[in-house]
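Just so it is clear, none of the values below were taken in a lab; they were calculated from the coordinates. None of the values given here were measured: they were computed from a predicted structure. In this analysis, Cβ positions are derived from the backbone assuming ideal geometry, glycine residues included, and neighbour counts consider all displayed protein chains.
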Amino acid sequence: MEKNNEAYTGGCACGAIRYEIPAEPIFMNHCQCRDCQHKSGTGHGSYLTFPRAGIKLTDQAAHWDLVGDSGNVKTRGFCPTCGSPVTLTFAAMPEVFTVHAASLDDPGRFKPQAVTYGVRGHAWDRLDPALPKFETMPPG
């Protein structure tokens, strides 16, 4: 993965939620699970996952807990004013912090590495066929 010394910055559409992340992502993916389909209103969600340490967050988010396809609780953070989905955290992995690719100030920095929960994908949601595709989450 290409190193960039600039922090990853972003937030919601109205600016109530802002983040700055100094680390490089540890995983970037498209997810085709049913929750991501419902949240996005299309066939998948796109995410960058980072180590939680050092993140600066102006968090005015509303939070919604749900049980994902994995059986674990995940918490979606979204703006109560504009409705933009911004963050995702996982009870089973408190050391990581995930943001939606479209919430980045520079969404071009998103470079997907894989498709997860491909078993839930739809034929009409065509993603890059060169990306590794996993039926669920890839092993550790």
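General remarks:
- Alpha carbon convex hull of the stretch 1-65, projected area averaged over orientations, nm²: 5.5
- Hz values of 3J(HN,Hα) by residue in the stretch 10-19 - Karplus curve (6.51, -1.76, 1.60), Gly and Pro given as x: x, x, 7, 5, 8, x, 5, 10, 9, 9
- Each Lys or Arg adds one and each Asp or Glu takes one away; over the other residues whose Cβ falls under 14 Å from the Cβ of MET137, this sums to 0.
- Net charge over other residues, Cβ less than 13 angstrom from the Cβ of ALA114 (K, R count +1; D, E count -1): 0
- Highest-first packing order for the peptide set 37-44, 126-133, 7-14 is 7-14, 37-44, 126-133, based on the mean count of other beta carbon atoms within 10 Å.
- More than 23 Å apart - percent of Cα-Cα pairs taken over the chain: 30
- Counting only residues at least eight positions apart within a chain, or on another chain, the aspartates and glutamates with an alpha carbon under 17 Å from that of LYS133 are ASP69, ASP125.
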